[in-house]
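The values are calculated or read from the model by the stated rules, or taken from the named source; none is laboratory data. Note that this is a predicted model, so its numbers are computed, not measured. Methodologically, a virtual Cβ is constructed for each residue, glycine included, from the backbone with ideal geometry; neighbour enumeration extends over all protein chains shown. Protein only, heavy atoms only, side chains kept; ligands, DNA and RNA dropped before computing areas. Shrake-Rupley method; radii C 1.70, N 1.55, O 1.52, S 1.80 Å.
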Amino acid sequence: PVLAFFSPAAGDGGTTNLLWGLGKFSVAAAAVSSLYSSRSSSPGNVRRGRSQGGPNEQLFPARSDGRILQAATCRYNVEVLLDACSHSVEINAPAGRVVDVSVENRTSERDPEDDCATDYQATLTFPVTNALVLDLEADNTVEAFEGFDPQCMRPIAGRPFVDVMGGSLQAMPLVPDGERTMSFVSVQSWTGDASTEAMAGSRTGNGTATAHGRLLLGEDWTQRALGEHASVASFSAFSIALMTNRAPADLVDDALRAGLDEVRHARISFDIASRLTGKEVGPGPLPPSKHEFDQDLTALALAVAREGCVDETLSAFVAALEVEQITSALEKGFQDTLYSNVDRDTLTFIRDELVTIAMDESNHSALAWRTLNWVCGVDPNACAAVHRIVFDETSLEMRFDQRADAPFGEKKPLLSEWYKIFNAHRFACFGLADEHVRESTCEGYGVVEFGADQADQPLLTLVTENVLRQMPCSQG
């Protein structure tokens with residue numbers, strides 16, 4: 001559905017509009033020669049603009065920001081805001097273009113009249129200088145993005161579960177009604193040790209603001225839990241794909257073990273979500289999905305690079321950064337942090353569990369990079385496809401931006417640590433690294449052993465070292 005129509009007013013600058021709501025949008029702008037008659041005064045979303053200079057009307061002639069498509073020939077310019085990940089649009093007009101909208105300054109605020117509602121606000125910026133001008137005579141349809149397009153795949157905790165259609169799948173959250181139904185038993189099996197007393201305490205809270213803050217954090221942890229839950233299925237599919245393509249036994253073994261790690265991560269995350277929201281929450285059923293397991297090393301390599309080398313590696317990094325911020329909050333105070341409304345005991349529990357999750361995810365990241373190194377050793381064409389498509393600078397920049405935009409995401413350390421691992425991969429497979437890179441990524445981390453002497457190192461550093469330790473620094 002169309003989310004909004006824009007008829008820019010003269011002289012307003014035209015670069016930003018403040019709207020309620022979030023998402024990935026594109027603007028399909030169409031120059032329309034006649035929607036109403038020149039004398040029409042009918043109300044509606046599209047209205048005529050009249051110049052001050054006389055009878056020769058133009059649409060908003062005072063504007064100089066590039067938002068007008070054909071001021072000389074068209075009476076109306078229409079901008080339609082669409083969720084481009086879900087909807088295509090057909091344009092019947094003399095001219096048209098597509099603007100990729102930038103969503104910035106996102107905030108949320110509890111509705112003062114409804115404790116169960118949250119208002120979201122953001123600034124949408126329309127960079128018309130980067131617009132795609134359409135040839136409407138050749139094709140007047142703007143197709144929605146593919147499901148696997150990086151712009152549409154929301155970052156999740158763990159490894160995304162992707163089917164043959166390219167979409168990232170996960171269950172919906174399920175809150176049982178309290179009776180011992182099948183749903184109640186299923187949810188309770190995923191909520192771990194969330195105690196009745198802990199959940200009761202989160203229900204009462206210390207005032208409405210505190211309760212609301214815990215609820216928002218609980219909703220965030222619910223989404224994390226659903227991502228971890230989907231990761232179980234992802235590793236199951238990955239194991240089959242490895243076996244279909246005759247992967248070494250150690251990769252299959254570690255993939256199956258990783259799936260069991262994700263079961264624990266999901267239970268821990270649902271436990272935390274239940275403690276914070278004050279109600280037991282678990283996963284509903286996974287959506288139906290279709291998979292094709294072919295002897296196709298290129299498809300395997302592309303999937304493991306996207307889902308493991310990039311997404312899960314970044315998940316491990318973000319978890320490590322969150323641990324550091326929670327530790328700082330515990331030591332210096334809780335003001336102005338996401339966890340400001342959480343008691344110290346619960347926060348300590350969350351921090352300790354996140355350490356385990358971050359290190360487990362680093363093992364899964366190492367598995368992905370080892371798999372890619374194996375593919376590169378047996379199929380150079382598949383390896384080249386990964387570097388051309390997944391490790392393309394533009395694609396990587398988009399994934400890093402998405403992670404940096406999330407809570408606890410910081411782009412600079414994410415980039416720095418990821419490229420240490422990437423350089424080790426390049427050296428192992430191609431010998432493509434100078435002496436400094438080789439020494440810092442291979443000799444510096446090749447014999448890492450964890451012990452008490454590393455307790456003072458940042459967890460982000462330990463995560464990277466754990467990945468590098470498992471990546472053999474030798475060609476082939």
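Taking every residue in segment 255-272 that is over 20 Å from LEU217 (Cα atoms) and pairing it with any residue that is open to solvent by less than 10 Å² (accessible area, probe 1.4 Å) and not in a helix (DSSP H, G or I), at least 6 positions away or on another chain, the pairs with Cβ-Cβ distances below 7 Å are GLU262/GLY158.
Scan segment 86-106 for residues that are at pLDDT 75 or above and open to solvent by 70 Å² or more (accessible area, probe 1.4 Å) and the total you get is 3. Of all the residues in segment 357-407, those that are in contact (Cβ under 8 Å) with a residue 24 or more places away in the chain, within 22 Å of LEU300 (Cβ to Cβ) and in a helix (DSSP H, G or I) number 27. Condition test on ASP253, is it surrounded by fewer than 16 Cβ atoms within 10 Å (Cβ to Cβ) and in a helix (DSSP H, G or I)? Criteria met by ASP253.
Does any residue of segment 181-203 turn out to be aromatic (Phe, Trp, Tyr) and at pLDDT 85 or above? No: zero hits.
Identify all residues within segment 341-353 that are assigned to a helix (DSSP H, G or I) and either among the acidic types (Asp, Glu) or modelled with pLDDT of 95 or more (or both); write none if there are none.
ASP345, ASP352, GLU353 - these are the residues of segment 341-353 that are assigned to a helix (DSSP H, G or I) and either among the acidic types (Asp, Glu) or modelled with pLDDT of 95 or more (or both).
Of the numbered criteria (1) at pLDDT 90 or above; (2) open to solvent by less than 20 Å² (accessible area, probe 1.4 Å), the one LEU217 fails is (1). I'm checking my understanding of the structure. Among residues of segment 262-286 that are hydroxyl-bearing (Ser, Thr, Tyr) and over 22 Å from the mean Cα position of the chain (by Cα), which one is most open to solvent (accessible area, probe 1.4 Å)? Out of the qualifying residues, it is THR277. It is to be established whether one or more residues within segment 287-308 are assigned to a helix (DSSP H, G or I), open to solvent by 10 Å² or more (accessible area, probe 1.4 Å) and touching a Pro at 6+ places or on another chain (Cβ under 7 Å). Taking every residue of segment 287-308 in turn, at least one turns out to be assigned to a helix (DSSP H, G or I), open to solvent by 10 Å² or more (accessible area, probe 1.4 Å) and touching a Pro at 6+ places or on another chain (Cβ under 7 Å). For segment 415-431, the condition holds for at least one residue, the condition being that it is at pLDDT below 85, open to solvent by 40 Å² or more (accessible area, probe 1.4 Å) and more than 14 Å from VAL467 (Cα to Cα). Selection of segment 462-474 for residues being modelled with pLDDT of 90 or more and open to solvent by 40 Å² or more (accessible area, probe 1.4 Å) yields ARG469, GLN470.
Can you confirm whether ALA247 is outside any helix (DSSP H, G or I) and either farther than 12 Å from PRO160 by Cβ or modelled with pLDDT of 95 or more (or both)? Judged against the criteria, ALA247 is a match.
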